[in-house]
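All of the numbers you see were taken from the coordinates with simple rules; none came from a lab. All figures in this text were calculated on a predicted structure; none of them were measured in a lab. Because the Cβ atoms are built from the backbone with ideal geometry, glycine has one as well, and the counts that use them run over all protein chains shown.
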Amino acid sequence: MITKDILVADLVEQYPEVVQPLMGFGMHCIGCIASQGESLGEACMVHGLDADDVVDGLNNYVAKARS
């Protein structure tokens, strides 16, 4: 399960299918150096996104992709 505490780099490594929805949220920094030490929650804050909405969206996306 994805949480807002996961590092962006770890998120992409563990759930590569989330790259497309992250880009859809406007988070084009998934490959930048900051992703190595920035949590999903922190990245959402920087991008002006509601972290809970992003987490819910990503978990739903992964559940559908993996079913």
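Starting at the first residue of region 2-8, write each ³J(HN,Hα) from the Karplus equation 6.51 cos²θ - 1.76 cosθ + 1.60 with θ = phi - 60°, in whole Hz, x for Gly and Pro.
Taking θ as phi minus 60°, the curve returns 7, 10, 6, 8, 5, 5, 4 Hz for region 2-8.
Taking the Cα centre of the chain as origin, work out the dipole magnitude from +1 charges on Lys and Arg Cβ and -1 charges on Asp and Glu Cβ, in debye rounded to 20.
Its charge dipole is roughly 220 debye.
What angle, in degrees between 0 and 90 and rounded to the nearest 10, separates the Cα long axis of helix 51-65 from the longest principal axis of the Cα atoms of the chain?
Roughly 40 degrees, rounded to the nearest 10.
Along its principal axes, what span do the Cα atoms of the chain show, with the longest given first and each in whole Å?
Largest to smallest, the principal-axis extents are 31, 22, 20 Å.
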